[in-house]
Amino acid sequence: MPTPSPAALPIRRLTHRDLTACADLSEDRGWPREERKWGLLLSAGKGYGIDDPAGGLVAASVVTEYGSPSRPTLGAVGMVLVAERHARQGVGRRLMRHIVAVMGPVPLTLHATPNGRPLYEELGFKTTGRAEMVCGRFTPEGTPSDVVTRAATAEDMPAVLRLDEEVFGADRTHLITRLPAFADQLRVAEDGGRVIGYAAAWPNMATHVVGPLIARDTETAKALLASLAARTDRPLRTDIDVRHEDLLAWVKSRGLESVAFNAVMTHGIAELPGDWNRRFAPLTVAAG
């Protein structure tokens with residue numbers, strides 16, 4: 001029997017049992033396997049994929065929904081991947097059309113590479129911002145910050161969730177409550193006993209990714225980032241909203257280097273909800 005074309009293969013929901021196949025697909029495209037990140041996304045989000053009759057996956061993606069579980073107010077699309085052997089056959093377009101249709105009126109967001117951006121524009125996504133990926137070994141400053149930071153405790157979680165929803169613009173309790181188990185570090189900044197920022201550092205291959213990074217102001221963001229860096233011997237990687245010019249200049253002065261730029265795109269809304277002034281970096285670009 002002839003092998004069915006990818007256009008004829010059904011799209012199905014992925015589960016945590018598909019983690020290895022998703023990691024294999026990442027590796028096929030020259031990406032890191034990122035099994036830890038795939039595990040988080042498949043647990044907290046909804047995966048969609050196309051099975052390859054020869055084994056493995058033709059394509060995969062994950063949508064992380066925010067807001068009420070019954071009425072989400074935002075969906076973040078990430079990890080859109082098509083196997084090399086099926087590339088340039090319209091598979092990615094078909095998968096994205098399916099996701100847009102399934103999500104219906106729910107606004108969507110994603111971080112697009114320069115290669116992926118034309119496809120998303122064709123599907124009606126608009127560029128509303130940019131994020132700069134920086135990576136490197138952090139060199140601490142000689143003078144410690146005046147901002148008080150400490151390790152987060154279970155008692156901090158209600159305050160962290162309130163702050164996160166206020167800044168992000170949607171409830172993402174199902175994702176943030178996974179941080180203590182997912183991240184190697186979760187720290188808060190406080191002023192007079194009030195939480196004014198928080199940040200996590202989680203392992204990804206040879207680096208620690210800093211995200212989310214939410215803070216009252218740039219000085220608080222710097223203090224949180226420096227406090228995370230002081231407790232790891234790995235290089236740091238993070239994706240910073242380019243509007244935070246002062247923070248970007250500072251991290252580069254401390255040893256991090258620019259790696260890439262991604263376009264922040266939206267579908268169904270003119271701009272992202274929440275307060276970008278206090279939203280410095282996402283947990284991961286795959287989750288918005």
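The values are calculated or read from the model by the stated rules, or taken from the named source; none is laboratory data. None of the values given here were measured: they were computed from a predicted structure. Neighbour counts run over all protein chains shown; Cβ positions are idealised from the backbone, glycine included. Areas reflect the complete protein model, heavy atoms only, side chains present, ligands, DNA and RNA absent. Shrake-Rupley method; radii C 1.70, N 1.55, O 1.52, S 1.80 Å.
For the chain, a simple Cβ point-charge model (Lys and Arg +1, Asp and Glu -1, everything else neutral) yields a dipole of about 600 debye relative to the Cα centre. Extension gain, ILE269 to SER68, is 70.6 nm, computed as 0.36 nm per intervening residue step minus the present C-alpha separation. Multiplying each eigenvalue of the alpha-carbon gyration tensor of segment 1-149 by 5 and taking the square root yields semi-axes of 31, 20, 16 Å, largest first, rounded to whole angstroms.
Residues in segment 12-66 average 39 Å² of solvent-accessible surface per residue, probe 1.4 Å, ligands and nucleic acids excluded. In this rough spin-label picture, where each label sits 7 Å from Cα along the Cβ direction, the LEU119-THR15 distance is 2.7 nm. For the chain, the calculated P(r) over all alpha carbon pairs, in 5 Å bins from 0 to the bin holding the longest distance, is 1, 5, 12, 16, 18, 17, 13, 8, 5, 2, 1, 0, 0, 0, 0 percent.
In the chain, taking the dipole from charged Cβ atoms about the Cα centre, the farthest positive-side position among ALA199, ALA189, TYR66 is held by TYR66. Annotation note: chymotrypsin sites (Phe, Trp or Tyr not before Pro) in segment 59-127 located in DSSP loop regions with a Cβ neighbour count of at most 11 within 10 Å are absent.
Taken about its Cα centre, segment 52-111 carries a charge dipole of roughly 200 debye when the Cβ of each Lys and Arg holds +1 and the Cβ of each Asp and Glu holds -1.
Ranking VAL148, THR128, THR113 by Cα position along the charge dipole of segment 111-160, where only Lys, Arg, Asp and Glu carry charges on their C-beta atoms, puts THR113 farthest toward the positive end. Estimated purely from DSSP H runs of n ≥ 4, each contributing -39500 (n - 2.57), the mean residue ellipticity at 222 nm for the chain is -8000 deg cm²/dmol once divided by its residues. All distinct Cα pairs of segment 142-271 go into the 1/r average, and the inverse of that average, the Kirkwood radius, is 15.5 Å. Here the simple spin-label model places points 7 Å from the Cα toward Cβ, and for ARG29 and TRP276 these points are separated by 2.5 nm.
Please give, to one decimal in nm, the separation of the simple spin-label points placed at THR127 and VAL242, each 7 Å out from Cα toward the Cβ. Result: 0.7 nm between the two label points. Of the trypsin sites (Lys or Arg not before Pro) found in segment 173-271, those that fall in a DSSP loop while having at most 16 other beta-carbon atoms within 10 Å are ARG178, ARG231, ARG243.
Length gained on full extension, LEU161 to ALA230: 22.3 nm, using 0.36 nm per residue less the C-alpha separation.
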